[in-house]
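J.: The structure's right below; bear with me while I get my questions together.
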Amino acid sequence: MPVLPDTARKIIKEIDERKFKPIYFLMGEEPYFIDKLASYIEENALSEADRSFNQNIHYGSEIDILTLVGEAKRFPMMSDYQLVMVKEGQLIKNLAGKDKGEETADTKAKDPFLAYCENPAPTTILVICFKGKTLDKRKALYKAIDKNGYVFNSEVIKDWNLAKWVGEYVKEKGFRIADKATVMMAEFLGNDLSKIENELSKLAIILPKGTEITEDIIEKNIGVSKEYNVFELQKAISNQDVMKANKIANYFIANPKENPPVVWIANLYGYFTKLLQIHYHVSRNVPMSGIAEKVGIHPFVFNEYEMAAKRYNYAKVSKNISSLRDLDMKLKGVDSGQIPESDLIREFIFKIIHTR
């Protein structure tokens, strides 16, 4: 299995031990973990022989509450359990839209799904994949599922933990990866875990087990230039290396599909925001040894951020963020006049390095 949160691994362990909960509510902002956990349950909860009659997979847009509850209440056929799974469960109308722990004004009856969750069938394994949303912990529905089943909250991996996740994933697959290559992948691919897994899976096919994944391997097989990427642009800005920053900017201008402004502008915004945070913690007398973790910067690149903070004081960083916003607006056609996009980008690079 890919690198999963401890809560997900606990569920997998119990599935392997045949210790089933009657309800698994998989919710949250990170779809990757929900998909992986749902797939594991689908493939391992029932035997292959039992799946034919006792495994029903639905999509939220194709099933209603009453049908779902009715199916969950059925008894399994010649088996101890049946599996009922709803993918894209957030699309089920009114699944979590109301808290009907009390009687409704019109029907004087409890919500059928809430009623089921308060007294679920012990022979049914009901799995709801609820992507992009979470249940309110104060509501009766959450409390009922938490009491009788399992609520898994799939949280997005924060930017500062992404490189660590990549490193752990690579290790679990039987490979090694250089620190710079880890940061390079995280910076380029962002926190789209499915995309990262896909690219690493490609490498796993062509590389012998135990191989160290380097910048050269990434550049050759994934298409990330080790010289012309946003990570190197940040480094050039940090070092106030005008020539290198312009070379990278020119490369971005010449290859807009591989380096769309919306992506590297977002990365630079995150970069300058972290510099602001460093200044904030320094002003609060937090030692440098503790700032990296507080701000969420990979230890491998923290020295670069530390040097950048010395070159760009709080006022300069604030001005650079303002310049970045101006560039973003102008590239979207706001107050850009007839100035070519390439000139706007070059002017921006000059401005942020020579900020006073």
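Coordinate-derived values only; no laboratory data. The shown structure was predicted, so the numbers you read here are calculated from the model rather than taken from an experiment. Cβ: placed from backbone, ideal geometry, glycine included. Neighbour counts: every protein chain shown.
J.: Taking the Cα centre of the chain as origin, work out the dipole magnitude from +1 charges on Lys and Arg Cβ and -1 charges on Asp and Glu Cβ, in debye rounded to 20. Please list the in-between numbers first.
T.: On the way: 51 positive and 50 negative charges, 193 e Å.
It works out to roughly 920 debye.
J.: Here is a further query. Please report, in debye to the nearest 20, how large the charge dipole of region 230-353 is about its Cα centre when each Lys and Arg carries +1 at its beta carbon and each Asp and Glu carries -1 there. Each step should come with its number before you reach the end.
T.: Numbers: 16 positive and 12 negative charges, 58 e Å.
For this selection, approximately 280 debye.
J.: Continuing with the same structure: Amide H neighbours of Ile177 under 5 Å, at least 5 residues apart or on other chains, H built in the peptide plane: list them.
T.: Ile213
J.: Relative to the first principal axis of the alpha-carbon coordinates of the chain, what is the inclination of helix 242-254, with its axis defined by its Cα atoms, in degrees from 0 to 90 and to the nearest 10?
T.: 50 degrees
J.: Turning to a different aspect of this structure: Starting from the Cα of Lys143, draw a straight line to each of the aspartates and glutamates and keep only those under 19 Å, dropping any in the same chain fewer than 8 residues away.
T.: Correct list for Lys143: Asp99, Glu102, Glu103, Asp111, Glu118.
J.: Moving to a separate point now. Label Thr214 and Ser318 with points 7 Å out from Cα along Cα→Cβ: what is the distance between them in nm?
T.: Each label point is offset 7 Å from its Cα along the Cβ direction, giving 4.5 nm.
J.: Moving to a separate point now. Can you tell me the 0 to 90 degree angle between the C-alpha axis of helix 159-172 and the longest principal axis of the chain, rounded to 10?
T.: 70 degrees
J.: Oh, and also: What does region 220-266 give for Rg and for Dmax, in Å, if only its C-alpha atoms count?
T.: Cα radius of gyration and Dmax of region 220-266 are 10.3, 31 Å respectively.
J.: Grab the Cα-Cα distance for Ser47 and Glu17, subtract it from 0.36 nm times how many residues apart they are, and report the gain in nm with one decimal. Don't skip to the end; give the middle numbers.
T.: Working: separation 30, 0.36 × 30 = 10.80 nm, distance 1.34 nm.
Full-extension gain reported as 9.5 nm.
J.: A further question follows. Starting from a Cα-only point model with no solvent, please compute log10 I(q)/I(0) by Debye for region 147-189 at q = 0.21, 0.31 1/Å.
T.: Scattering profile of region 147-189, log10 relative to I(0): -0.69, -1.10.
J.: Figure the gain on full extension for Asp136 and Ser61 (residue separation times 0.36 nm, minus the Cα-Cα span) and round it to one decimal in nm.
T.: On the way: separation 75, 0.36 × 75 = 27.00 nm, distance 2.19 nm.
Between Asp136 and Ser61, full extension yields 24.8 nm more.
J.: Can you compute the modelled spin-label distance between Asn161 and Gln338, with each label point 7 Å from Cα toward Cβ, in nm?
T.: 5.3 nm
J.: Related question: Suppose only helical runs count, i.e. DSSP H with n ≥ 4. What mean residue ellipticity at 222 nm does that imply for the chain under -39500 (n - 2.57) per run, divided by all residues and rounded to the nearest 500 deg cm²/dmol?
T.: On the way: 17 runs with 200 residues, N = 356.
So the helix-based figure for the chain works out to -17500 deg cm²/dmol.
J.: Next question. Taking square-rooted eigenvalues a ≥ b ≥ c of the alpha carbon gyration tensor, is the chain rounded, prolate or oblate, where a/c under 1.5 means rounded and, failing that, a/b exceeding b/c means prolate? Numbers along the way, then the final one.
T.: Details: a/c = 2.45, a/b = 1.92, b/c = 1.28.
Judged from the Cα gyration tensor, the chain comes out prolate (a/c at least 1.5, a/b above b/c).
J.: Kindly give Rg over Rh for region 224-356, based on alpha-carbon atoms, with the Kirkwood expression for the hydrodynamic radius. Please list the in-between numbers first.
T.: Values: Rg = 15.0 Å, Rh = 15.3 Å.
We get a ratio of 0.98 for region 224-356.
J.: Using a cut-off of under 13 Å, list every residue of region 1-40 whose amide N is near the label point 7 Å from the Cα of Lys171 along the Cα-to-beta-carbon line.
T.: Zone members listed by number: 3-4.
J.: Also: By how many nm would the segment from Glu118 to Asp179 grow when fully extended, if each residue of separation counts as 0.36 nm and the alpha-carbon distance is taken off?
T.: Numbers: separation 61, 0.36 × 61 = 21.96 nm, distance 4.88 nm.
Answer, rounded to one decimal: 17.1 nm.
J.: Ok, one more. Work out how far the C-alpha atoms of region 159-221 reach from end to end along every principal axis, then list the three figures in whole Å, largest first.
T.: For region 159-221, the Cα spread along each principal axis is 29, 22, 19 Å.
J.: Right, next: Along the Cα→Cβ direction, 7 angstrom out, place labels at Phe75 and Lys147. What is the inter-label distance in nm?
T.: With each label point 7 Å from Cα toward Cβ, the separation is 2.7 nm.
J.: Taking a spot 7 Å from the Cα of Leu207 along the direction of its beta carbon, which residues of region 160-180 have an amide N less than 16 Å from it?
T.: Residues 163-180 fall inside that zone.
J.: How high is the relative contact order of region 6-154, given as a whole-number percent (alpha carbon pairs under 8 Å, six or more residues apart)? Could you put the intermediate results ahead of the total?
T.: Working: 263 pairs, mean separation 59.1, N = 149.
It rounds to 40 percent for region 6-154.
J.: Restricting to the chain, compute how many DSSP beta bridges are antiparallel as a %, nearest 5. Could the numbers behind the result be given before it?
T.: Values: 0 of 23 bridges.
The antiparallel proportion sits near 0 percent.
J.: Taking the Cα centre of the chain as the origin and placing charges on Cβ (Lys, Arg +1; Asp, Glu -1), which of Thr67, Val166, Leu114 is farthest toward the positive end of the dipole?
T.: The Cα lying farthest towards the positive end belongs to Val166.
J.: While we're here: Return a single number: how many Lys pairs in region 230-353, at a sequence separation of 8 or more or on separate chains, have alpha-carbon atoms below 18 angstrom apart.
T.: Taking the Cα cut-off of 18 Å, the pair count is 20.
J.: Using only Cα atoms, tell me the angle between helix 179-189 and the longest principal axis of the chain; keep it within 0 to 90° and round to the nearest 10.
T.: 70 degrees
J.: Kindly state, to the nearest 0.05, the FRET efficiency for Lys93 paired with Asp192, given R0 = 30 Å and r defined as their beta-carbon distance.
T.: Numbers: r = 29 Å, r/R0 = 0.97.
E between Lys93 and Asp192, to the nearest 0.05, is 0.55.
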